[in-house]
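All remarks here apply to the structure that follows.
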Amino acid sequence: MSVTNQNTTVGWIGTGVMGMAMLGRIQDNGYRTVVYNRTPSKAQPLLDRGAAWADSPQAVASEADIIFTIVGFPDDVREVYFGEKGILSGARKGAILVDMTTTEPSLAREIDEKARNKGISAIDAPVSGGDVGAKNGTLSIMVGGEQSAVDQVMPLLEIMGKNIVYQGKAGSGQHTKMCNQIVIAGTMIGVCESLLYAYRAGLDLPTMLQSISGGAAACWTLENLAPRIVKRNFDPGFYVEHFIKDMGIALQEANRMGLSMPGLSLVKQLYEGVSAQGHGKKGTHALMLALETLSNVEK
């Protein structure tokens, strides 16, 4: 199948912060789209732009050639794929399923196996780049699954991302995303502690960032999230509660492989503190709020 906007119907399940922007870009490229979201009102902007509504994941799958999912937690993924009205009960033979949720590598392999038994292809393709990357089409996409299926969906992936790398067999994309999240966890605590130090030292924070952003400390988090922290804008590009989920998966996989991850364990504990303070729906840079509390810093 050659994927074009003339011959391909794209199904989409999950229209949160990321999914809304990602599907919007596909709509901008002229594809017919059919959408389901657990909370229908969150899909309304996409429906207003021409997407068709389906009342279940099964109904999406029955109408679409390629079905994308980006939901919250592994249990959500299981329900969307394996539930009574799930994707696998409605997908047509030859369809391609693309899960862009960050979830368990073992779950990606299970989806792949059950899809194969129905003559369907499945890809795990988690993303990194936050709301900014989703809006700008600059996401990093980590892809696992059969190479032939990946090649077919590449025109759609290229609408959403710039750094699209095939990692290998089913589950490899999810393992790669765990590597990504481990780096982000360590980077985030470094950025937040740097800002906390600068504040207590009496530095002008934007001026300090201007210096360190151009040196060896330069990174995506420093460029994109540190300015939000300075402005006290903790709106989510990626939810605290979802990051806690990701770190839990990474630690579970590390334990299975006999690895010790003390740094990741520490950051997860701090994020659990952020959530306990009632900030689970804020962006991951809200880690600063927990660190401020530990140092009795009032902003």
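Return yes when V60 is of a type in the set (A, V, I, L, M), in a helix (DSSP H, G or I) and in contact (Cβ under 8 Å) with a residue 60 or more places away in the chain and no when it is not.
It is false that V60 is of a type in the set (A, V, I, L, M), in a helix (DSSP H, G or I) and in contact (Cβ under 8 Å) with a residue 60 or more places away in the chain.
Anything in the stretch 25-43 that is buried (at least 16 other Cβ atoms within 10 Å of the Cβ), within 25 Å of D235 (Cα to Cα), out of contact with any helix residue (DSSP H, G or I) (no Cβ under 7 Å at 6 or more places or on another chain) and not charged (D, E, K, R)? List them, or say none.
Within the stretch 25-43, just A43 meets the criteria.
Could you give every pair whose Cβ atoms fall below 6 Å, whose first residue belongs to the stretch 1-27 and is more than 20 Å from T101 (Cβ to Cβ), and whose second residue is at pLDDT below 95 and crowded, with 23+ Cβ neighbours inside 10 Å, counting only separations of at least 6 or pairs across chains?
Close Cβ pairs satisfying both conditions: none exist.
Mind checking which residues of the stretch 160-193 are surrounded by fewer than 17 Cβ atoms within 10 Å (Cβ to Cβ) and at negative phi?
Within the stretch 160-193, K162, N163, V165, K169, C179, V183, G186, G190, E193 meet the criteria.
Is it true that D55 is touching a residue at least 24 places away in the same chain (Cβ under 8 Å), in contact with a strand residue (DSSP E or B) (Cβ under 9 Å, 6 or more places away or on another chain) and more than 25 Å from F238 (Cβ to Cβ)?
no
Suppose the filter is modelled with pLDDT of 95 or more, in contact with a strand residue (DSSP E or B) (Cβ under 8 Å, 6 or more places away or on another chain) and of a type in the set (F, W, Y); does F234 pass it?
In short, yes.
Out of the helices (runs of 4 or more DSSP H) lying entirely within the stretch 190-299, which hold 2 or more residues that are polar (S, T, N, Q) and under 22 Å from S140 (Cβ atoms)?
Numbers: elements: 205-212, 220-224, 226-230, 240-256, 262-274, 287-294.
Fully inside the stretch 190-299 and qualifying: 220-224.
With the requirement that a residue be surrounded by fewer than 21 Cβ atoms within 10 Å (Cβ to Cβ) and in contact with a helix residue (DSSP H, G or I) (Cβ under 7 Å, 6 or more places away or on another chain), what does the stretch 55-72 give you?
Q58, G72, listed by residue number.
Among the residues of the stretch 81-92, is there at least one that is under 22 Å from T9 (Cβ atoms), in a loop (DSSP other than H, G, I, E, B) and of a type in the set (D, E)?
No: zero hits.
From I229, I212, grab the single residue that is of a type in the set (A, V, I, L, M, F, W, C) and in contact with a helix residue (DSSP H, G or I) (Cβ under 6 Å, 6 or more places away or on another chain).
It is I229.
Can you pull out every residue in the stretch 62-107 that is among the basic types (K, R) and more than 22 Å from the chain's Cα centre (by Cα)? Give the steps one after another, and end with the answer.
Taking the stretch 62-107 as the starting set, the residues that turn out to be among the basic types (K, R) are 78, 85, 92-93.
Result: K85, R92, K93.
Can you tell me how many residues within the stretch 254-282 are farther than 24 Å from F234 by Cα and surrounded by 13 or more Cβ atoms within 10 Å (Cβ to Cβ)?
2
Which pairs do you get when a residue that is modelled with pLDDT under 95, found in the stretch 158-170, comes within reach of a residue that is assigned to a strand (DSSP E or B) and surrounded by fewer than 17 Cβ atoms within 10 Å (Cβ to Cβ), reach meaning Cβ atoms under 7 angstrom, with the pair 6+ apart or on two chains?
none
If you go through the stretch 198-209 one residue at a time, how many are in contact with a helix residue (DSSP H, G or I) (Cβ under 9 Å, 6 or more places away or on another chain) and in contact (Cβ under 8 Å) with a residue 60 or more places away in the chain?
Going through the stretch 198-209 one residue at a time, the tally reaches 1.
Return the residues of the stretch 114-136 that are touching a residue at least 24 places away in the same chain (Cβ under 8 Å), not aliphatic (A, V, I, L, M) and not in a loop (DSSP other than H, G, I, E, B); say none if nothing qualifies.
K114, S121, D124, S128, G130, D131, G133, K135
How many residues are crowded, with 24+ Cβ neighbours inside 10 Å and either outside any helix (DSSP H, G or I) or among the β-branched types (V, I, T) (or both) when one looks only at the stretch 96-113?
Total meeting the criteria: 9.
The values are calculated or read from the model by the stated rules, or taken from the named source; none is laboratory data. Computed from a predicted structure; not experimentally measured. Methodologically, a virtual Cβ is constructed for each residue, glycine included, from the backbone with ideal geometry; neighbour enumeration extends over all protein chains shown.
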